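To start, the structure itself, in structure tokens.
What follows is calculated from the coordinates using simple rules that are stated; it is not laboratory data. Small disclaimer: the values here were computed from a predicted structure and weren't measured. Cβ: placed from backbone, ideal geometry, glycine included. Neighbour counts: every protein chain shown.
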Amino acid sequence: NAGVTQTPKFQVLKTGQSMTLQCAQDMNHNSMYWYRQDPGMGLRLIYYSASEGTTDKGEVPNGYNVSRLNKREFSLRLESAAPSQTSVYFCASRAVPHNEQFFGPGTRLTVL
Amino acid sequence: KNQVEQSPQSLIILEGKNCTLQCNYTVSPFSNLRWYKQDTGRGPVSLTIMTFSENTKSNGRYTATLDADTKQSSLHITASQLSDSASYICVVSEGGSYIPTFGRGTSLIVHP
């Protein structure tokens, strides 16, 4: 039981490049989330998927797209990376009924 | 707008000492409140959950309290250890919502 896994762990991009962050969970959770964490800002929600087949914007969706590939996998895509997207990205899935979120280990992204 | 405010922003204590972290929220309707611990370089992990009817809950050396009337929670750490050095995040869930509200966290450093 691996929980929530994310790939890659580290990534350096140049401005304008694209990439996809991968996330998978093996806990059979319906809801999945993508957050970014910046110093002093806490965790901010980018996109979430309440269930397979649905996705919705969070607090800071601009510059990102997501795909809920199946119940297990939820990917985050940066189409044209910008330095402002330098951050640590966390994927999470949520258990019901008490709303505990399980987080992945994070992806540390630097955009030059 | 739902908000979660945590204080202090950072705290430095000596090993063996006690400390208390505060969380005030405006989330309504209230469903539950969780305290997460985030070690450096890792994703947050749930420490404890408080529901409306609970006033106090302990998890080892961690004791959480909830006053639903004043919308305040605290996390008390007893006999601190070096391994308690981490960020502690208060997260409040709204009834019927998929999106929890995160505080910005309290950074705790325990010195030997």
For region A:90-112 the number of residues that are charged (D, E, K, R), more than 7 Å from chain B (Cβ to nearest Cβ) and surrounded by 19 or more Cβ atoms within 10 Å (Cβ to Cβ) is 1
Residue among B:ASN55, B:ASN32, B:ASN59 that is of a type outside the set (Gly, Ala, Ser) and more than 14 Å from chain A (Cβ to nearest Cβ): B:ASN55
Return only the number of the condition from (1) closer than 17 Å to A:SER84 by Cβ; (2) part of a strand (DSSP E or B); (3) within 11 Å of chain B (Cβ to nearest Cβ) that A:ASN65 does not satisfy. (3)
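May I ask you to verify whether B:THR63 is under 20 Å from A:GLU100 (Cα atoms) and of a type in the set (Val, Ile, Thr)?
Answer is yes for this residue.
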Is one or more of the residues making up region B:67-88 within 10 Å of another protein chain (Cβ to nearest Cβ) and buried (at least 19 other Cβ atoms within 10 Å of the Cβ)? yes
Condition test on B:LEU33, is it over 29 Å from A:CYS23 (Cα atoms), surrounded by 15 or more Cβ atoms within 10 Å (Cβ to Cβ) and in contact (Cβ under 8 Å) with a residue 60 or more places away in the chain? no
Considering A:VAL12, A:VAL60, A:VAL96, which residue is more than 24 Å from B:ARG34 (Cβ to Cβ) and either touching a residue at least 40 places away in the same chain (Cβ under 8 Å) or not in a strand (DSSP E or B) (or both)? A:VAL12
